[in-house]
Amino acid sequence: MDNTEKPFETRELTISMGPQHPATHGVLRLVLNLDGETVVKCTPYVGYLHRGIEKLGENRTYFSALPLTDRLDYISSMNNNVGYVNAVEKLFGIEAPDRAKFIRTIVAEMGRISSHIIWLGTHVLDIGATTPFLYAFRERETIMDLFEMLCGARLTVSYPRVGGVRNDVSQEFVDKLYEFVLDFPSKIDDYETLVTENRIWKERTVGIGVISAEEAINWGLTGGTLRGSGVNYDVRKHAPYDAYDRVEFDVPLGKNCDCYDRYLVRIEEMRQANRIIKQCVEKLPAGPVMADAPKFTLPPKDLVLKDMEHLIQQFVLITKGPTVPEGEIYVGTEVPKGELGFYFVSDGTGRPYRMRVRAPSFVHASVLPRLCEGGFIADVIANIGTIDIVLGECDR
Amino acid sequence: MEPLQVIREEFTDDIISVSEFRGQISVTLRKDNVFEISRFLRDEPGLNFNLLRDLCGVDYLGIKEPRFEVVYNLYSIPYRHSIMVKAQVPENDCRIKSVTSLWAGANWHERECFDMFGIVFEGHPDLRRILMPEDWEGYPLRKDYPVKGPEKEWSGFLNVLDKAKRFREFDWHG
């Protein structure tokens, strides 16, 4: 027959994945050109969650822009707050007291654990393992309860403040936290039992999404995504802030630059975060939790209600904002996703002239075409999971 | 050797000013040779600024002339030093050479800068709007752009409203 000798006709297929798709971790849209199962071209579209946080920040005082940072990476808002207040404090030239620094380190590492737990749960869920997701959310619930005990909010916390933290920690909180810290390593063992040596998991992640160390740096990757490629870059070690220079922790590094190594790195980061919290709780110094800098920090609320001078101070700081030295500053902090940087240009008034947010998710999303092109369509899901993006931060 | 010293010696003619604030050094440059200087900073042994941490624009409307600045925030992972390089871009010649071929990560940063400030990056492989819709008018982070947005609705939203109205009038049982 003539038909059999005719070559089988194929054509390139274009599909749009997202913006509403459970595996894109938010409103990310990928346009994929497919040749059979192989991805020929991948074009990400972002911006669906753009709220103009940089523009809004320029029109608010340094104090009132803090809640905006909660909405960047909304599953680890503590870390964004810590990054923001560190940048503003450096610009103001003030320093938080020791106790506040330790508390901020504790809450930042709690945020890191809760973010990594969500990453683990959703990443393995995308690839087909349902059980770890349920275990992961069990521990996240404990951390959320602790946050609620600490400041009344679970998700958008705004707990760290310029010059310190909002309120001191209670003994009850410290006890509950310590209980969690002692218990948590066994929980990580549980996840590892389910996932690490799982054959399906390894088939789906080993050798997938490989990016070499030089290339990863060239793409501007940071955080666990970069360290999975074996580059030793951690802002907590390179430019320590808060109490990170007074605690011991290791920076885990990957070897094979693939999804599986990035998984191992983040699992180990959870253990190290737990170690940091433990040390901080044990070393927690006594003292105030707010810097003594009346020109730059808001006065305590009880004094505002009783005392005229503090009322005036509060009024001036809230309406006009503090008088800030002119200059520009970039401060990066290590958030669960990577390096979150704040770049401020100050013109001497109470509002930033320019507030720039260097969002790790934005940079990580840009590397998706590099990871996906040439691979199978099923690996696109693994790659989206492994770069650990949150679109609220990506789009700002 | 200190990075600043090297830059001073190599590119004396391009430097407009150098400033330091809280231990962070920033160098303001003429925009013409920014690409060559960036390549030098990246490749020169002893400097090796291999990580482009950030790239963003700043609008100094009514404060400084030229109006725009593009800020390159560079970091060297092996040497642990950083520098901010700022290139001045005038409003009437709103273009600068792209550094995407040096740092692949600059790709989206430059697109965002184009989206928000209207600065054109020459030699960029795919210069489109990124955060705003493709048919958006105006550049939101410019200082003369209002916080509450333009008076008229965005055409894309008008299309949606129009479509909703048409569907409401549709006779489903006819």
Counting lysine pairs in chain B that sit 8 or more positions apart or on different chains, with Cα atoms under 28 Å apart, gives 16
Taking the Cα centre of the range A:70-143 as origin, sum charge times position over the Cβ atoms of Lys and Arg (+1) and Asp and Glu (-1), and report the length of that vector in debye to the nearest 20.
-> 80 debye
Given B:Cys56, B:Ser155, B:Val6, which one lies farthest toward the positive end of the charge dipole of chain B, if we put +1 on the Cβ of every Lys and Arg and -1 on the Cβ of every Asp and Glu?
-> B:Ser155
Nearest 0.05, what FRET efficiency do A:Asp250 and A:Met308 give at R0 = 56 Å with Cβ-Cβ as r?
-> 0.60
Bin all alpha-carbon pair distances of the range A:105-233 at 5 Å intervals from 0 and give each bin's fraction as a whole percent.
-> 2, 9, 16, 17, 16, 16, 13, 8, 4, 1
Order of A:Thr122, A:Thr38, A:Thr205, A:Thr10 from fewest to most other C-beta atoms within 10 Å?
-> A:Thr10, A:Thr38, A:Thr122, A:Thr205
According to the Kirkwood expression over distinct Cα-Cα pairs, how big is the hydrodynamic radius of chain A, in Å?
-> 22.2 Å
In whole angstrom, largest first, the equivalent ellipsoid semi-axes that the Cα gyration tensor gives for the range A:168-214 are 36, 17, 6
Taking Cα pairs under 8 Å and at least six residues apart, what relative contact order does chain A come out at, in percent?
-> 27 percent
DSSP bridge orientation in the range B:3-142 - percent antiparallel, rounded to nearest 5 = 75 percent
Using a ≥ b ≥ c from the Cα gyration tensor of the range A:46-112 (square roots of the eigenvalues), is it rounded, prolate or oblate, where a/c under 1.5 gives rounded and otherwise the larger of a/b and b/c decides, a/b for prolate?
-> oblate
Ranking A:Arg71, B:Arg168 by Cβ neighbours within 10 Å, fewest first, what do you get?
-> B:Arg168, A:Arg71
Simple SL model, points at 7 angstrom along Cα→Cβ for A:Thr14 and A:Lys283; separation in nm is 5.6 nm
Quick one: putting +1 on the C-beta of Lys and Arg, -1 on the C-beta of Asp and Glu, what dipole do you get for the range A:68-109 around its Cα centre, in Debye to the nearest 20?
-> 40 debye
Using a 4.7 Å Cβ cut-off, which Cys residues in chain A lack a partner cysteine?
-> A:Cys151, A:Cys257, A:Cys259, A:Cys280, A:Cys394
Considering the range A:1-98, what Rg and Dmax in Å follow from its alpha-carbon atoms?
-> 23.8, 86
Evaluate the distance, in nm, between pseudo-label points positioned 7 Å from the Cα of B:Ser155 and of B:Glu9 along their respective Cα→Cβ axes.
-> 5.6 nm
FRET efficiency estimate (nearest 0.05) - Cβ-Cβ, A:Lys301 to A:Arg51, R0 30 angstrom = 0.55
Average beta carbon contacts from partner chains per residue of B:50-61, 10 Å cutoff | 6
First check a/c for the range B:3-142, with a ≥ b ≥ c the square roots of the eigenvalues of its C-alpha gyration tensor; if it is under 1.5, answer rounded, and if not, answer prolate when a/b is larger than b/c or oblate otherwise.
-> prolate
Kindly list the residues of the range B:114-155 that lie in the label zone of B:Arg95, defined by a backbone N under 12 Å from the point 7 Å along the Cα-to-C-beta vector.
-> B:120-124
Where only alpha carbons of the range A:250-332 are counted, the Rg and the Dmax (Å) = 21.7, 63
Dipole magnitude of the protein assembly as shown, debye to nearest 20 (Cβ charges: Lys/Arg +1, Asp/Glu -1, about Cα centre) = 1100 debye
From the cross-link list A:Lys55/A:Lys101; A:Lys176/A:Lys278; A:Lys187/A:Lys283, which pairs have alpha carbons spaced over 19 Å apart?
-> A:Lys55/A:Lys101; A:Lys187/A:Lys283
Quick one: Cα centre-to-centre distance for the range B:76-95 and the range B:120-139, in angstrom?
-> 20 Å
Round to the nearest 0.05 the FRET efficiency obtained for A:Ile200 and A:Lys41 when R0 = 35 Å and r is the Cβ-Cβ distance.
-> 0.80
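Laboratory data are not the source of any read-out in this text; all were calculated from the coordinates shown. Note that the structure is a prediction, hence the values are computed from the model and not measured. Don't worry about glycine lacking a Cβ; one is built from the backbone with ideal geometry, like all the others, and counts go over all protein chains shown.
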